[in-house]
Structures are given as C-alpha cells and as structure tokens.
Amino acid sequence: DEKRAITNFGKEKSKAAAVIISTIRGLRLYHDGQFEGKKIKLPVQLGREPIEAENKCIYDFYQKLMNITSDEIFLKGEWNLIDVLPAWDNNETSKNVIAWQWKLAHEKCLVIVNYSNVKSQCRVKLDVKGYPEEFRIKDLLNDENFIRSAEETLSTGLFVELKAFDSHILAY
C-alpha cells in the first residue's frame with residue numbers, strides 16, 4: 001500500500017531500482033501498472049481504477065528489461081556481488097555504484113548501477129583470463145558495444161562511468 005515507484009522515485013531512479021530488483025537473486029515482484037508507468041496510487045480495497053495513459057518510455061524500458069532478464073543466465077546462473085573500486089585516487093564516487101555478475105557456462109553478465117544523483121566513475125576487476133587482448137562487451141540495456149583491453153581489465157579493472165541513476169547490463 002505504497003505510492004507507485006515512478007511517483008515516489010521519479011523516472012530515472014525508478015528505472016535504476018527496476019534494474020536492481022530485476023537482476024538480483026530471488027523472486028521478482030512487480031506492482032500492477034508498474035510496467036506502464038502508472039502514477040495514481042489506489043487503495044487496496046478498490047476493485048476498479050481510473051484510466052491512465054501509458055508512459056511509452058517506461059513501457060519500452062520494462063519490455064527490454066524483461067526480455068534481457070528472461071535469459072537463462074538470469075534464471076539458472078551463478079550470482080556474485082562484485083567489488084567496485086575507485087576509478088582514481090581521491091575519487092569517492094565509486095561508493096555510489098553497486099555491481100554484481102551472473103555466470104552460466106561460458107556466458108557472463110555484469111550488472112552495474114549508479115544509485116545516486118551524481119555522475120560516478122569506478123573500476124571493476126573482471127576475470128577475463130583466456131579472452132583475446134581486445135574483447136567486446138555488449139551493453140544489453142543500452143544497445144551499445146565496447147572494445148576493451150583484457151590486460152587492463154585484469155590489472156586495473158574495467159573503467160565505468162555512469163550518469164545519475166544510470167545502469168549497464170554488460171555481456172562479455
């Protein structure tokens with residue numbers, strides 16, 4: 001019996017929270033109307049609701065997120081919390097970032113979320129032993145591809161910069 005997420009958090013923070021709840025271990029529960037971006041809080045006892053226009057941006061985001069997280073890696077994979085390191089000395093913004101990894105057979109996905117209202121940078125050490133010197137990372141959530149150095153990723157960590165309440169779901 002709480003306010004709707006988009007009303008309580010706003011659009012971007014609500015999306016970051018959705019990435020978190022959709023990619024951690026355990027049962028995923030969603031509020032009726034959450035995927036459509038509904039804003040009106042309804043009393044539990046009410047058997048009907050007012051008509052609200054669908055928020056196309058939120059709807060498309062949830063469709064993509066549900067498509068990504070329906071992959072077998074998120075259902076049967078092994079989940080691990082990942083340490084987030086400062087991107088450079090005296091950069092405290094890494095404290096705003098949380099990260100975890102899913103592994104299944106030879107597939108790996110890194111989920112990384114900046115759950116703060118400031119741009120944040122960090123480094124994440126990933127086990128890319130056996131990868132080619134230059135390897136591809138695909139951001140499933142944002143439809144981007146990156147080429148990164150396996151040596152740098154192993155030694156100093158993958159550099160990540162995220163806008164406020166931004167997220168990546170990286171397959172590598």
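The values are calculated or read from the model by the stated rules, or taken from the named source; none is laboratory data. Fair warning: this is a prediction, and the values are worked out from it, not measured in the lab. Cβ coordinates were reconstructed from backbone atoms using ideal geometry, including for glycine residues, and neighbour counts include every protein chain displayed. Note: accessible area is taken over every heavy atom of the protein model, side chains too, but ligands, DNA and RNA are not part of it. Shrake-Rupley method; radii C 1.70, N 1.55, O 1.52, S 1.80 Å.
Observations, loosely collected:
- Residue within the range 153-163 that is in contact with a helix residue (DSSP H, G or I) (Cβ under 7 Å, 6 or more places away or on another chain) and either within 18 Å of TRP100 (Cα to Cα) or in a strand (DSSP E or B) (or both) present: no
- LYS56 vs. criteria free of Cβ contacts under 8 Å to residues at least 24 places away in the same chain, of a type in the set (Lys, Arg) and out of contact with any strand residue (DSSP E or B) (no Cβ under 8 Å at 6 or more places or on another chain): yes
- Within the range 99-135, being hydroxyl-bearing (Ser, Thr, Tyr) and either under 19 Å from ASN80 (Cβ atoms) or part of a loop (DSSP other than H, G, I, E, B) (or both) holds for TYR115, SER116, TYR131.
- Filter pass, GLU107 being in contact with a Ser or Thr (Cβ under 8 Å, 6 or more places away or on another chain), among the charged types (D, E, K, R) and touching a residue at least 40 places away in the same chain (Cβ under 8 Å): no
- Condition met for GLU144 (at pLDDT 95 or above, in contact with a strand residue (DSSP E or B) (Cβ under 8 Å, 6 or more places away or on another chain), farther than 14 Å from HIS168 by Cα and acidic (Asp, Glu)): no
- Residue in the range 76-94 that is surrounded by the most Cβ atoms within 10 Å (Cβ to Cβ), counting only those that are in a helix (DSSP H, G or I) and in contact with a Ser or Thr (Cβ under 8 Å, 6 or more places away or on another chain): SER94
- Looking across the range 15-41, the residues that are modelled with pLDDT of 95 or more and under 14 Å from CYS57 (Cβ atoms) come down to LYS15, ALA18.
- Residue in the range 15-36 that is most open to solvent (accessible area, probe 1.4 Å), counting only those that are touching a residue at least 12 places away in the same chain (Cβ under 8 Å) and touching a Lys or Arg at 6+ places or on another chain (Cβ under 9 Å): HIS31
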